[in-house]
Amino acid sequence: MKATRKDTFPLIIKKGHASVKIYRGQNRGKDLFTLAFQTPSGRRRQFFTSLDDAKREANTKVANLAQGDVEGAKLNGQDRVMFVAAQTALEGTGITLDIAAREFAAAFKILGHDGIIEAARFYHKHIAAELPDITVADAVAKFGEAKAAAEMSRLYLKDIRVMLGRLATAFACNLKSVTPDDLTGYMQRLNVGPVARNNHKRLIVALFNFAKLQKWLREDETTAADALQTSKVKHKDVEIYTPREVAAFLHHASEEFLPWLLLIAFGGLRRQELAKGLKWESINFENRTIT
């Protein structure tokens, strides 16, 4: 089943006080549906390419989560009174009691006091109301479009599709809700080496800086990406070719490959600079300069 205009995302599947949300995103031009729900061990996500499959799993999950409400009803005495009062207070929020307790504790720890309501009012007045709701997937798509319009290299555009596409799949939520801890955990879970991890980091930082320019994030504040650390790379000893070795390369090189070797060996150009599409017009033989 494809999503229709009647479907408003995120879809919320509820049973009692339990709820599961279905977010809609994009992965390589195709719909991707993400289930987001809270378990006693933490927040969980599941990914589906079919909305029907996502809804079926959501109904199963919400039924299991609702079973916890039934168990809570078995409490006796004062515990039962407090439990029922807490559940009543959360009615209409779509948030379960365990999530509310965990988030309250985290907010209390951040603030260092119980002024959580005042902090929420300040956030709503000065921050949330000013920022648009744009998902990570939409931000990645618009970032890619902007870089394509700027005629960035095919390799760079491919990195955006692959690396930032992976980020969009992992975060089926609003861009402004991504925290430094979220990104740090994401980077730690990447099964790549330090060089590739740094490449991921550079693109993520570029994405968040682009978002600030688009006013999707506050321009006067650091972003979640700014907290990412650069991975240390162990550099191997640099090997320098001898004149005899370079001469052998040039002697055996094909006519098509010879300019590459000459420009790299004697022009001071890097392989990546050549790969981005250096044109013959950029080489001035009279002035002996390369633009």
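The values are calculated or read from the model by the stated rules, or taken from the named source; none is laboratory data. Just so it is clear, the model here is predicted, and its values are computed rather than measured. Please note: Cβ atoms are built from the backbone with ideal geometry, for glycine as well, and neighbour counts cover all protein chains shown. The protein model used for the area step is the full one, side chains on, heavy atoms only, and it has no ligands, DNA or RNA in it. Shrake-Rupley method; radii C 1.70, N 1.55, O 1.52, S 1.80 Å.
What Kirkwood hydrodynamic radius do you get for the range 132-214 when you take the inverse of the mean 1/r over all pairs of distinct Cα atoms, in Å?
For the range 132-214, the Kirkwood estimate is 13.0 Å.
So with the 1.4 Å probe, I'd like the accessible area per residue for the chain, rounded to whole Å².
Solvent-accessible surface per residue comes out at 69 Å².
How big is the dipole moment of the chain about its Cα centre under a simple scheme where the beta carbon of each Lys and Arg is +1, that of each Asp and Glu is -1, and everything else is neutral? Debye, nearest 20, please. Walk me through the intermediate numbers first.
Values: 44 positive and 33 negative charges, 111 e Å.
With Lys and Arg at +1 and Asp and Glu at -1, about 540 debye.
In the chain, once you exclude exposed chymotrypsin sites (Phe, Trp or Tyr not before Pro) (DSSP loop, at most 12 other Cβ within 10 angstrom), what's the longest stretch remaining?
Excluding the exposed sites themselves, the longest stretch runs over 1-240.
Within 12 Å, Cβ to Cβ, of residue 226, how many net charges do the neighbouring residues add up to if Lys/Arg are +1 and Asp/Glu are -1?
Details: positive: 201, 212; negative: 221.
So the surrounding residues net to +1.
Kindly provide the Kirkwood hydrodynamic radius of the chain in Å, to one decimal, from all pairs of distinct alpha carbon atoms.
23.6 Å
For the range 136-291, max minus min Cα coordinate along each principal axis, in Å, sorted largest first?
57, 35, 26
At a threshold of 8 angstrom on Cα-Cα distance, excluding pairs fewer than six apart, so keeping six or more, what relative contact order does the chain reach in percent?
Averaging sequence separation for qualifying contacts and normalising by length gives 13 percent for the chain.
Taking the Cα centre of the range 90-204 as origin, work out the dipole magnitude from +1 charges on Lys and Arg Cβ and -1 charges on Asp and Glu Cβ, in debye rounded to 20.
Roughly 680 debye for the range 90-204.
Divide by every residue of the chain the summed helix terms, -39500 (n - 2.57) for each DSSP H run of at least 4, and state the resulting mean residue ellipticity at 222 nm, rounded to the nearest 500 deg cm²/dmol.
Calculated from helices alone, the mean residue ellipticity at 222 nm is -15000 deg cm²/dmol.
Probe radius 1.4 Å, ligands and nucleic acids ignored: give me the carbon and sulfur share of the accessible area of the chain as a rounded percent.
Using a 1.4 Å probe with all protein chains present, the chain comes out at 55 percent carbon and sulfur.
Given just the C-alpha atoms of the range 174-266, how large is their convex hull per residue in cubic angstrom?
Normalising the Cα hull of the range 174-266 by residue number yields 182 Å³.
Give the accessible area for residue 152 in Å² (nearest 10); use a 1.4 Å probe, count only protein heavy atoms, and leave out ligands, DNA and RNA.
Counting only protein heavy atoms, residue 152 exposes about 80 Å² to solvent.
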